[in-house]
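Please treat every number below as a calculation from the coordinates, not as lab data. Source: prediction; values computed, not measured. All Cβ positions, glycine included, derive from the backbone under ideal geometry; neighbour counts span all protein chains shown.
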């Protein structure tokens, strides 16, 4: 009986709150003005981009070329957003929210039908309340749509009580892990710190996992503190692979090359490290940087900067090597052959063959002639000439390359020379496309096809894996194969084939759009559909082949 009365009172209170706006609309607060959510999102994105551009202009810790590249990317995105705002405002023009005059509100009749419905609800709730409301008891079950949420909340409450009651390392660790699972970073960090304090008071060591997660929670704001947490984790478990990689990377970021090198060397001896090609390349970079940075500290000139650029270039950090090369060309020697050569090769890899030819020709002048040009540079110069249809120039550059390395080490260059000579004599069918380039015949066929963005959109609409793969593979060959390998096996960029990270669509989408490390972003030159088909293809066919 008491339960019946209690439920009845609760239902009446709820009905009263629901009926007030109907019975006395003038006693309720007016609703806020309606705003178009899509327009709000576009305006917020516009402000974020403008703020990013202002912050970029205020930065003085990056080369001008990189700043200009980022600014162009942000401005292109901002222009797209501004067009979206204009279009949305045009769509909304002329729409006026329906309103009711105050006189009409005064003349509004009492909603008898609505009140009758509410009365029926009251009777139904009173009669059926004990059967449909949650029943919690020793032998009862919870009948609610939020059963999982209730259980999670009850489990968290129990963990909190247990931690407050005894404060042991075990109970605090369980609570911290629960916060971690719920992605409550502030509470997780505070509780893991309590774990360390409890362990210290007990005269023992905290679990390794507590130090590792504290490092992950703090490295963004305080990398030095994060490194200390990882060093403690390594003290407790010297061969943990995740800890070793974290120590190596944070030490490298903080400029402690000795610690970074030693940590990577130890990691590469573990089972995980023995198959990690990226870590091996990272170790070569760190090892090579030590003496170079020491020489730079003594004197920063073209010689020491070239040594730094060589280490970066040889270990795959091509963008950073070219940034150093820009410093050489602008502040020390505008005809430095090595700096011009690196910059020209990168321009060719980016598809800017005309810039590549100009830079590599200047590199040959700086070296004292084409015969003295570094062999890789003469190879790229020949490739650039060939791509632009200058067969005689290609033959000259490739011949100089063979003279430097010998025909045995020249690979397919002799075949390319014969092709260029045949094409120069008028045999238009004698063409061999360069890696990442299209032959003239293929290009003429491609001219009849829709633009890449339209092909990508059509593939997404079709939704079939084969349609998506066809578009993505063409885009990959154009933009990605030079660094990640024709078969995604890796090169100067990491391996993508069979790499579980390639299956993480959100991370891959961010890397393609905005860049990561030395990898440039493609958000300004690839449309959203093109990026989306690439992400899906990498996740379904490359990371986890069908």
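A few points about this structure:
- Panel order for 531, 417, by other beta carbons found within 10 Å of each beta carbon, from fewest to most: 531, 417.
- Sequence of 194, 501 once ranked by neighbouring C-beta atoms within 10 Å, starting from the fewest: 501, 194
- Between the stretch 251-297 and the stretch 452-471, the alpha-carbon center distance in angstrom: 41 Å
- When each of 522, 326 is scored by the number of other beta-carbon atoms lying within 10 Å, the sequence from fewest to most is 326, 522.
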